[in-house]
1. Considering amide H positions built from the backbone, and no H for Pro or chain starts, which residues 5 or more places from residue 28, or on another chain, come under 5 Å of its amide H?
2. Can you give me the angle between helix 353-368 and the longest principal axis of the chain, using Cα atoms only, in degrees from 0 to 90, rounded to the nearest 10?
3. With an 8 Å cut-off on Cα pairs and a minimum separation of 6 or more residues, tell me the relative contact order of the range 5-409 in percent.
4. Lys and Arg at +1, Asp and Glu at -1: add these up for the other residues within a Cβ distance under 14 Å of residue 125 and post the number.
5. Net charge near residue 313, counting Lys/Arg +1 and Asp/Glu -1 over other residues with Cβ under 15 Å of its Cβ?
6. Along the Cα→Cβ direction, 7 angstrom out, place labels at residue 121 and residue 326. What is the inter-label distance in nm?
7. Can you give the Rg to Rh ratio of the range 289-337, both from alpha-carbon atoms, with Rh computed by the Kirkwood formula?
8. Which of 96, 251, 222 ends up with the largest GNM mean-square fluctuation for the chain, with Cα atoms connected below 10 Å?
Amino acid sequence: MWLRLAALAVFAAVPCVHAQEPPRAVPLTLDDAIARVASTHPDLRLVDGQRAVLEAQAQGAALKPPLMLGAQLENALGSGQARGFDAAELTVTLAGVLERGGKLDARRTLAQANLDALAPQREIARLDLLAEVARRYLDIAIALQLRAIALDDIGQRQRAVSAARQRLNAGASPESVLLTAQAALAQAELDRDRADEAARTARLNLSALWNARNPGFEIVSGDPLTLPALEDFDALARLLERTPELALLAGETRVQEAQLRLAQTQRRADIEWQIGVRQLREGNDTALVGGFSLPLGSVRRAEPELQAARAQLALSGVQRESRQLQLYSTLAQAHGRYATARLEVTRMARDVLPPLAKAEAAAERAWRAGAISYLEWAQLQALRIEARQRQLDAAAQAQSALIELQRLTGQASVAATNSKDSAP
C-alpha cells in the first residue's frame, strides 16, 4: 500500500527546513522519502509564505480611515487694502470619514476568509506531493521487479545455452539452436540492463523532490504485487465530501460571500466631516468652523459591483457541483481500474504462472531427452516471462489507481479486513 494513513500525517508534522544530502547506500522507506520531501519542497513553503502576505493585508483591512490635518490661507497677496498678508486669514482643520454600512467589519471578514482559504490550499499541495512521492517510489519498485524478472529469464536462458552446447557437441542438434539460445540470452541481459537504467533514473527522479543530486539509497519497502482489498465504493464516495478540493471551493465561496457583503456596504455613502478654527483679522479673533459632505447616488454607483458579486457567488455553487461530479467520476474510474488490475494480478498468480512454470520445467526435461524441439521449450520460456511481466504491469496499474484514490479521499482507502484478501 503506497499511500498509508500514517504517511499522510508526515507532511503536517515535519517543519519546513532544508535537509542535508543523504549518505550513500542508505535504506530508504516510503515514509523516509515523504519526510524528506515534506522538509524541503518549495510548494509547501510557498503556501506558508502566502500567510504572511494575507496577515499583513488583514492588518491593513482592520484600519479605520485616517484623520487629516489641514490648513487653509485666505485673502493673502491680494491687491488694494488686501495687499501682502495684512488681511490674510488662516484656518486649521481636522477632517475624517465616517464609514457607514459596516464597511470595517466587511473588510475584516473578507481578510479572514482569505486567510481561512489557505488551509485547504496547503492540504491539496500536501496530498499532491505525497502522491507524487508514492508514484516515484513505485517507479523504483517496478524497475527492481523488472530486473528480478530479467534475472529469472537470464537463468533459464543460460540453462538453454548450456544444454544446446552439450547437444551440439554430442551431434544431437545443429549450431543454429545454440545461436538462437545465445540470442535469447542476450535479449534477457538487455532487459536486465534496461531495468537497471530505469531504476537509476527513477532514483534520480525521486531524490530530485528533496533537491538531492546523488541519490545514494536503496528502497526497502513496498511490494507492487501486494494489493489489499478496498473499502466499498459508497464508503469511499462519502469521503469525497471531506476532500480538500471541495473544502477549497467552500473557502472560495466564503470569500465571495464576504466580497458580496463588502459590495453591499457601498450602497451607503460615507460621511466626510471637517472641523477647525479660523483666525479672523478684524479684531484678531478666532471662530469655529465645521462642515460635512455626503456623496449622492451611491446606490446607483454600487449596483454594478453588487450585481457582479451576486453573479460570482451564484457561479460558485455551479462550480462546486461540477467539481463534485468530476471527483466522483475520477473516483469511480480509479476504483474500477484498481479492482480490474487486482483481479488480473490475483488470477495470474493463481491460475497462469504455476502451470506455466510446470510446463516450462517439463519442456526442459523433454528437450534434453530429445522429445521436443528447442522452439517449443523457448516458446514456453517466453510465455512464462511475458506472463510475469503482464502481472507486474497490472500491479503497477493497480498501485497507481490506489495512489489516486488515496489522493482524492485523503484516507488510506483500505478495508479493515484485508490481510486475508490480498493478492500474492
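1. 218, 219, 220
2. It is inclined by approximately 30 degrees.
3. Values: 516 pairs, mean separation 86.5, N = 405.
Answer for the range 5-409 is 21 percent.
4. So the surrounding residues net to -1.
5. Details: positive: 254, 261, 310, 320; negative: 252, 257, 305, 321.
My count for the surroundings of residue 313 gives 0.
6. According to this spin-label approximation, the distance is 1.8 nm.
7. Numbers: Rg = 22.8 Å, Rh = 14.8 Å.
Result for the range 289-337 is an Rg/Rh of 1.53.
8. Of the options given, 96 has the highest mean-square fluctuation.
Read-outs: derived from the displayed coordinates by stated rules, not from any lab. What you see is a predicted model; the values in this text were computed from it and never measured. Cβ sites come from the backbone with ideal geometry, for glycine too, and all protein chains shown count toward neighbours.
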